[in-house]
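Student: The following block contains the structure, expressed as structure tokens.
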Amino acid sequence: MKRVYIIGGGAAGFFCAINLAKKNPSYKITILEKTTKLLSKVLVSGGGRCNVTNQCFEISDLIKNYPRGSKELRSVFSKFALQDTIEWFAQRNVKLHAEADNRMFPTSNNSQTIIDCFLDEAKKYGVTIQTKTDVKEIKKQNDKIVLSVIVNDSNAQELIGDAVVVTSGGFNQEKAYGFLQGTQHTIVKPLPSLFTFNIPNDSVTQLMGLSVPNAKVKVAVTNYLFEGPLLITHWGFSGPAVLKLSAYAAEYFHQKSYEAAIHINWLNKEYEEIKLALEQLQKQQHKALPKNTNIFVLPKRLWEHILIKADLNNDKPWSEITKKSINKLVEVLFADAYTMRGKTTFKEEFVTCGGIELKEIDFKTMQSKKMNGLHFAGEVINIDGITGGFNFQAAWSTAWVAANSI
Ligand SMILES: Cc1cc2nc3c(=O)[nH]c(=O)nc-3n(C[C@H](O)[C@H](O)[C@H](O)COP(=O)(O)OP(=O)(O)OC[C@H]3O[C@@H](n4cnc5c(N)ncnc54)[C@H](O)[C@@H]3O)c2cc1C
């Protein structure tokens, strides 16, 4: 009989425990959870609907959604990826459906469905769940792993396992990784990822609620740029283009203390293309006023905002508008400049980048290269995805590989 401890009763912890217990009925498997709550992030995830995964079948496309860990996930996903996730849940009567943007949710649109599924499965396969058990230290003793834990806030105990899986999730402070010190693993400094941009004291925020379907957002003087839907909020900018940028440039934004010049290409078109369209418009509709000729079909109030920035929101028809003014309008449409000053957490989903150094894990088994028998899965590793179900997919896949290798 093998004794396995799983540290953390979250997404990766449950997925690992269930798969391990199903394959190995003789193993004694215990989930150790420091709080009184199980699967608490699953409950609030995806606005209470749990965005379980993303309908991205090709592994080569799937890995592109991970600013950190994409190379390492290739081998993990070759063992367990999207199709396996869909089937895993379907076999347990949890059907998933995809939305237009490829995010997949349980058809109940309720995260409780996922929680109930995990709790039922854990019970069915005899997984022991111990809450209020805080793991404080992990050390190796001969061929066993010893965990020092505090139970019910006061009772110190030692638990001895043949294998241990760390599924403690990510933390926003370095010192929270202290319980891993005895494992000799390097912790890549945790930083926030998936946040929206604050643009304080800018009239653009008066356009809150407006969105464009395909903008390009760029961090000035860097190569960080992303395209996609952009949403104007009462504090600044949000939407997929901004969230992707926040994830890929997480370290850059941190270095700059979340103050950076941002350029928005409202149309996601080339400079020359915009210029040509405006010059043709001027020729064809010379009597019309710019405010009445919104050729790019931008939201009306946004078009007016852009014209104000280009000093064109007046009663002059196109025929009276100078070349210089046209160039200014092209500039605003192509690279509208804003200053990001601070960030706001994206409530639907947020993650930490940082965690266990990737080089110190064997991704074929999810086993530590520093301590035999110790494994990692989920967000504790320096892997994070962009928003859209990719973070849970990484949790399911790494947990599945850890369970199978044990
Ligand atoms: C508001 C919000 C919404 C989200 N929505 C989505 C979404 O819809 N789709 C998506 O893909 N991702 C989403 N995410 C990200 C996703 O929730 C995480 O990536 C995922 O939960 C990571 O799973 P995990 O098991 O690694 O860690 P967690 O789910 O964080 O679980 C870790 C568990 O370990 C416990 N623990 C920690 N340290 C110890 C210790 N020393 N001893 C014992 N127990 C310990 C913690 O208390 C916790 O219960 C969201 C995140 C947030 C915050």
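Student: Any idea what the dipole of the range 341-394 comes to, in debye rounded to 20, about its Cα centre with Lys/Arg Cβ at +1 and Asp/Glu Cβ at -1?
Tutor: The dipole magnitude comes to about 160 debye.
Student: Work out the length of the dipole vector of the chain about its Cα centre, built from +1 on the beta-carbon of each Lys and Arg and -1 on the beta-carbon of each Asp and Glu, and round it to the nearest 20 debye.
Tutor: 300
Student: Which residues among the range 134-157 fall inside the zone where the amide N is under 14 Å from a point 7 Å beyond the Cα of Gln181, along Cα→Cβ?
Tutor: Once the point is set 7 Å along Cα→Cβ of Gln181, 136-139, 148 turn out to lie under 14 Å by backbone N, inside the range 134-157.
Student: Using a 7 Å offset from the Cα along the Cα-to-Cβ direction at both Gln141 and His254, what is the distance between the two label points in nm, to one decimal?
Tutor: Label-label distance for Gln141 and His254, simple model: 3.5 nm.
Student: Would you mind estimating how fast the chain diffuses translationally, via Stokes-Einstein at 37 °C and 0.692 mPa s with the Kirkwood radius over Cα pairs, in µm²/s?
Tutor: Rounded, D is 141 µm²/s.
Student: Counting only heavy atoms of the protein chains, get the accessible area per residue of the range 195-345 (1.4 Å probe) and round it to a whole Å² value.
Tutor: Heavy-atom SASA per residue in the range 195-345 reads 50 Å².
Student: Round to the nearest 10 and report in Å² the accessible area of Lys79, as given by a 1.4 Å probe over the protein chains' heavy atoms.
Tutor: 80
Student: If packing is taken as the average number of other Cβ atoms within 10 Å across a peptide's residues, how do 193-201, 304-312, 349-357 rank, most packed first?
Tutor: By packing density, highest mean first, the sequence is 349-357, 193-201, 304-312.
Student: Largest first, how would Leu230, Leu358 line up by accessible area (1.4 Å probe)?
Tutor: Result, largest first: Leu358, Leu230.
Student: Ok, one more. Report the Cα-based extents of the range 262-406 along its three principal axes, largest first, to the nearest Å.
Tutor: 77, 27, 23
Student: Okay, moving on. Can you give the FRET efficiency to the nearest 0.05 for Asn313 and Asp120, using r as the Cβ-Cβ distance and R₀ = 56 Å?
Tutor: For R0 = 56 Å, the calculated efficiency reads 0.40.
Student: Within the range 195-345, what whole-number % of the accessible surface is contributed by carbon and sulfur, with the 1.4 Å probe and all protein chains included in the calculation?
Tutor: 51
Student: Give the lysines whose C-alpha is closer than 21 Å to that of Lys324, dropping any in the same chain fewer than 8 places away, or say none.
Tutor: Within reach: Lys269, Lys275, Lys283, Lys287, Lys291, Lys309, Lys316.
Student: List the residues of the range 42-81 whose backbone N lies under 15 Å from a point placed 7 Å from the Cα of Thr131 along the Cα-to-Cβ direction.
Tutor: 42-44
Student: Note down the accessible area of Met1, probe 1.4 Å, to the nearest 10 Å².
Tutor: 150
Student: Cut-off 11 Å, label point 7 angstrom out along Cα-to-Cβ of His234: give me the residues of the range 282-309 whose amide nitrogen falls inside.
Tutor: Answer for this model: none.
Student: Would you work out which of Met104, Pro290, Ile321 lies farthest towards the positive end of the dipole of the chain? Charges go on Cβ: Lys and Arg +1, Asp and Glu -1.
Tutor: Checked the options; the winner is Met104.
Student: Please list Ser111, Ser319 from largest to smallest accessible area, probe radius 1.4 Å, with all protein chains kept in place.
Tutor: Result, largest first: Ser319, Ser111.
Student: Does the range 113-198 come out rounded, prolate or oblate, given a ≥ b ≥ c as the square roots of the eigenvalues of its C-alpha gyration tensor, rounded meaning a/c under 1.5 and, failing that, prolate meaning a/b above b/c?
Tutor: Verdict is oblate for the range 113-198.
Student: Under a 10 Å cutoff between Cα atoms, tell me which one of Ile114, Ile63, Ile321 has the largest fluctuation in the Gaussian network model of the chain.
Tutor: Ile321
Student: Separate question: Distance cut-off 28 Å, Cα to Cα: go down the list Lys124/Lys175; Lys2/Lys140; Lys95/Lys124 and report the pairs above it.
Tutor: Among Lys124/Lys175; Lys2/Lys140; Lys95/Lys124, the Cα-Cα distance tops 28 Å for Lys124/Lys175.
Student: Further question: Would you be so kind as to identify which of Asn93, Ser26, Ala394 lies farthest towards the positive end of the dipole of the chain, taking Lys and Arg as +1 and Asp and Glu as -1 on Cβ and the Cα centre as origin?
Tutor: Toward the positive end, the furthest listed residue is Ser26.
Student: How much net charge surrounds Tyr125 when only the other residues with a Cβ under 13 Å from the Cβ of Tyr125 are counted, with Lys and Arg +1 and Asp and Glu -1?
Tutor: With Lys, Arg at +1 and Asp, Glu at -1, the net is +4.
Student: To continue, here is another question. Just reorder His375, His254 by solvent-accessible area, largest first, 1.4 Å probe, all chains present.
Tutor: Ranked list, largest accessible area first: His254, His375.
Student: Measure nothing fancy, just the Cα-based angle from helix 390-405's long axis to the longest principal axis of the chain, in degrees from 0 to 90, nearest 10.
Tutor: 20
Student: Report, for the chain, the % of DSSP beta bridges that are antiparallel, rounded to 5.
Tutor: Around 75 percent antiparallel, to the nearest 5.
Student: If you count only protein heavy atoms and use a 1.4 Å probe, how large is the accessible surface of Phe237, to the nearest 10 Å²?
Tutor: 0
Student: Continuing with the same structure: With axes computed from alpha carbons, what is the tilt in degrees of helix 323-334 against the longest principal axis of the chain, rounded to the nearest 10 within 0 to 90?
Tutor: 10
Student: Here is a follow-up. With +1 on the Cβ of every Lys and Arg and -1 on the Cβ of every Asp and Glu, and nothing else charged, how large is the dipole of the range 195-345 about its Cα centre, in debye rounded to the nearest 20?
Tutor: The calculated dipole for the range 195-345 is roughly 160 debye.
Student: Right, another one. At 20 °C and a viscosity of 1.002 mPa s, what translational diffusion coefficient does Stokes-Einstein give for the range 195-345, taking Rh as the Kirkwood radius over Cα pairs? Give it in µm²/s as a whole number.
Tutor: 135
Student: Same structure, new question: With everything on Cα atoms, drop me the angle between helix 111-124 and the longest principal axis of the chain, reported from 0 to 90° to the nearest 10.
Tutor: Between helix and principal axis, roughly 10 degrees.
Student: A further question on this structure: For the range 125-199 and the range 355-386, what is the separation of their Cα centres, given in Å?
Tutor: Here the two parts' Cα centres lie 13 Å apart.
The values are calculated or read from the model by the stated rules, or taken from the named source; none is laboratory data. Remember, it's a predicted structure, so these values are computed and weren't measured experimentally. Backbone-built Cβ (ideal geometry, glycine too); neighbour counts: all protein chains shown. SASA here: full protein model, heavy atoms, side chains in, ligands and nucleic acids out. Shrake-Rupley method; radii C 1.70, N 1.55, O 1.52, S 1.80 Å.
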